[in-house]
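The values are calculated or read from the model by the stated rules, or taken from the named source; none is laboratory data. Note that the coordinates shown come from a computational prediction; the quantities given were computed from them, not determined experimentally. Cβ sites come from the backbone with ideal geometry, for glycine too, and all protein chains shown count toward neighbours. All accessible areas refer to the heavy atoms of the entire protein, side chains included, with ligands and DNA or RNA removed. Shrake-Rupley method; radii C 1.70, N 1.55, O 1.52, S 1.80 Å.
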Amino acid sequence: MSEKIRVAVLGAAGRMGATVCRAVLDAPDMELVAVIDPPHEGRPLDDFGVAGTGLTLAMLGPNVKAAAPSVAVDFTHLDAARGNLRWCALNGVHAVVGTTGLTASDFQDLSALFDGERANAVIAPNFAIGAVLMMQLAAIAAPWFESAEIIELHHDNKVDAPSGTALLTAQRIAETSTDWTPDPTQTHALPGARGGEGPAGIKIHSVRLRGLVAHQEVLLGTTGQSLTIRHDSYDRTSFMPGVLLAVKSVAGRPGLTLGLDSLLGLGEG
Ligand code: NAD
């Protein structure tokens with residue numbers, strides 16, 4: 001039997017991180033070797049709903065290196081992720097990144113760090129396979145419509161807006177069609193009422209509501225008809241098949257891979 005993939009989880013005490021720990025523990029071909037979450041350093045992972053591992057939350061550093069992870073999964077916060085990813089690349093640990101908010105300039109820095117020699121990285125703003133398909137379908141449909149708007153809806157603890165998925169969806173739509181009718185609005189009784197402006201002027205509206213997890217609607221309109229493509233993640237387990245696929249694939253994908261499309265054998269929209 002081949003060796004298990006040694007996995008470290010960054011942000012292990014968080015909502016996504018704890019779910020990733022459980023998924024790794026349940027995966028027969030993976031081993032959870034380190035859990036990192038500096039604000040909770042020294043506390044057992046058991047305190048965060050993942051019982052029986054004997055692991056204690058740590059800082060990134062020599063102890064984590066000694067645990068010899070081959071892949072680190074990062075679901076943290078933007079500033080934390082920037083530092084964590086640098087550490088991973090410089091220490092030869094492949095990275096799977098779900099943290100959202102990374103910018104084009106971050107991707108430029110990261111492609112220099114994850115150069116395929118030191119380590120590789122897979123970064124996806126949405127690991128739910130249905131969400132990847134939603135983006136693909138929106139890109140396929142775009143050339144047949146003149147209006148497009150995106151509504152993304154998330155839980156009330158999300159700290160960034162709009163979601164990375166909404167931005168990537170707008171980018172994918174803009175890549176397949178640039179021919180959109182201009183916004184007719186001339187007065188705004190409330191600032192921001194028409195949402196944020198994404199690529200090709202596509203409007204993005206962000207809803208934050210207690211009880212939600214992660215949801216998105218892509219609205220496409222043309223004369224006399226509209227098409228709505230909606231995806232719902234009801235539970236954080238929805239992201240786990242995609243995360244585990246990335247953990248298994250990252251060593252074989254030199255450099256930086258953005259999005260799950262190529263891992264799923266789909267073209268990039
Ligand atoms: P959370 O606040 O529950 O968890 C983040 C954790 O990171 C916290 O426990 C925090 O203490 C920890 N942390 C802070 N600094 C750290 C550091 N330097 N190193 C390691 N850990 C550190 O947040 P969440 O809801 O789990 O979301 C985390 C990220 O994942 C967000 O950016 C969110 O948008 C993103 N997300 C992505 C997907 C996806 O599919 N890509 C899905 C859901 C959420």
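If R0 is 30 Å, the Cβ-Cβ spacing of K158 and E3 corresponds to a FRET efficiency of close to 0.20. Phi-derived couplings, Karplus 6.51 cos²θ - 1.76 cosθ + 1.60 at θ = phi - 60°, listed residue by residue for the range 64-71: 5, 4, 5, 6, 6, x, 9, 9 Hz, with x used for Gly and Pro. Cα centroids of the range 45-59 and the range 138-158: 38 Å apart. Here the accessible area is traced with a 1.4 Å probe on the protein chains. For the range 175-269, carbon and sulfur cover 53 percent of it. Using a cut-off of under 17 Å, list every residue of the range 105-144 whose amide N is near the label point 7 Å from the Cα of K65 along the Cα-to-beta-carbon line. Answer for the range 105-144: 118-119.
When Lys and Arg each count +1 and Asp and Glu each count -1, what net charge do the other residues less than 13 Å away from V122, Cβ to Cβ, add up to? In short, 0. The protection proxy used here, the mean number of other Cβ atoms lying within 10 Å of each residue, ranks peptides 32-41, 119-128 as follows, highest first: 119-128, 32-41.
Specify whether the C-alpha gyration tensor of the range 107-257 places it in the rounded, prolate or oblate class, a ≥ b ≥ c being the square roots of the eigenvalues: rounded for a/c under 1.5, otherwise prolate if a/b is larger than b/c and oblate if not. Prolate, because a/c is 1.5 or more and a/b exceeds b/c.
Solvent-accessible surface of the range 175-269, averaged per residue with a 1.4 angstrom probe and all protein chains in place: 57 square angstrom. Per the Debye formula with a single identical scatterer at each Cα and no solvent contribution, what log10 I(q)/I(0) holds for the range 107-182 at q = 0.11, 0.12 Å⁻¹? Log-scaled intensity ratios, in q order: -0.39, -0.46. Length gained on full extension, T187 to V207, computed as 0.36 nm times the residue gap minus the Cα-Cα distance: 5.0 nm. With the convex hull drawn around the C-alpha atoms of the range 7-69, the volume per residue stands at 69 Å³.
Against the chain, whose longest principal axis comes from its Cα atoms, helix 15-26 is set at around 60 degrees. Gyration tensor over the Cα atoms of the chain: the corresponding equivalent ellipsoid has semi-axes (square roots of 5 times the eigenvalues, largest first) of 35, 19, 17 Å. Stretching the chain fully between E175 and A51 yields a gain of 40.1 nm (0.36 nm per residue, less the alpha carbon separation). When you count the other C-beta atoms within 10 angstrom of each residue and take the mean per peptide, 3-15, 215-227 line up highest first as 3-15, 215-227. Taking the Cα atoms of the range 1-106, the ratio Rg/Rh between the radius of gyration and the Kirkwood radius comes to 0.95.
Add -39500 (n - 2.57) for each DSSP H run of 4 or more in the chain, then divide by its residues: what number comes out at 222 nm, to the nearest 500 deg cm²/dmol?
-8500 deg cm²/dmol
Contact order, relative form, for the chain: 20 percent (alpha carbon pairs under 8 Å, 6 or more residues apart, mean separation divided by residue count).
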